[in-house]
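**Student:** Here it is: the structure, laid out below.
The values are calculated or read from the model by the stated rules, or taken from the named source; none is laboratory data. What you see is a predicted model, and the numbers here were worked out from it, not measured in a lab. Because the Cβ atoms are built from the backbone with ideal geometry, glycine has one as well, and the counts that use them run over all protein chains shown. Ligands, DNA and RNA are stripped out before the accessible areas are found, and what is left, the full protein with its side chains, is counted by its heavy atoms. Shrake-Rupley method; radii C 1.70, N 1.55, O 1.52, S 1.80 Å.
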Amino acid sequence: MGVIASTAAVGIAVKRTRAKRRMREIFRHHQDLVPPDCDLLMVARVALNRLEYREIEQKFVDACRKLFPAKS
């Protein structure tokens, strides 16, 4: 799993770090939804730091279930 948070998309270093930390933590809690032979690249956007943690987590879970239906 790779995480990208650019200055142009997310903002200053503090915001980029927060966005990456949140995405890594969500992945850590739900990595069983992603097949082991799959490489995952997560790209942070400015809205990521505006959303509640639970909202981001639910969006990740929904996306995984849509992308990997056999794992759900």
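**Student:** Percent of accessible area on the chain owned by carbon and sulfur, 1.4 Å probe?
**Tutor:** Numbers: 2720 of 5040 Å².
Heavy-atom surface of the chain belonging to carbon and sulfur, 1.4 Å probe: 54 percent.
**Student:** Given the rule -39500 (n - 2.57) for each run of at least 4 DSSP H residues, summed and divided by the residues of the chain, what is its mean residue ellipticity at 222 nm, to the nearest 500 deg cm²/dmol?
**Tutor:** Details: 2 runs with 33 residues, N = 72.
The helix-only estimate for the chain comes to -15500 deg cm²/dmol at 222 nm.
**Student:** Whole-Hz ³J(HN,Hα) for each residue in the range 17-32, computed from phi via Karplus 6.51 cos²θ - 1.76 cosθ + 1.60 with θ = phi - 60°, x for glycine and proline: what do you get?
**Tutor:** Along the range 17-32, the couplings run 5, 4, 4, 5, 4, 5, 5, 4, 5, 5, 4, 4, 6, 10, 5, 5 Hz.
**Student:** Can you list the residues, at least 5 places off or on another chain, whose amide H is less than 5 Å from the amide H of Val3, using H built in the peptide plane?
**Tutor:** Met42
**Student:** In whole Å, how far is the Cα centre of the range 6-36 from that of the range 43-72?
**Tutor:** 11
**Student:** Using only the C-alpha atoms of the chain, find the volume of their convex hull and express it per residue in Å³.
**Tutor:** On the way: hull volume 5.6 nm³, N = 72.
Dividing the Cα hull volume of the chain by its residue count gives 78 Å³.
**Student:** Let me ask you something else. Please name which of Pro35, Ile56, Ala5 has its Cα lying farthest along the dipole of the chain towards the positive end, using unit charges on Cβ (Lys, Arg +1; Asp, Glu -1) and the Cα centre as origin.
**Tutor:** It is Ala5.
**Student:** Once you charge only the Cβ atoms, +1 for Lys and Arg and -1 for Asp and Glu, what is the size of the charge dipole of the chain about its Cα centre, to the nearest 20 debye?
**Tutor:** 340
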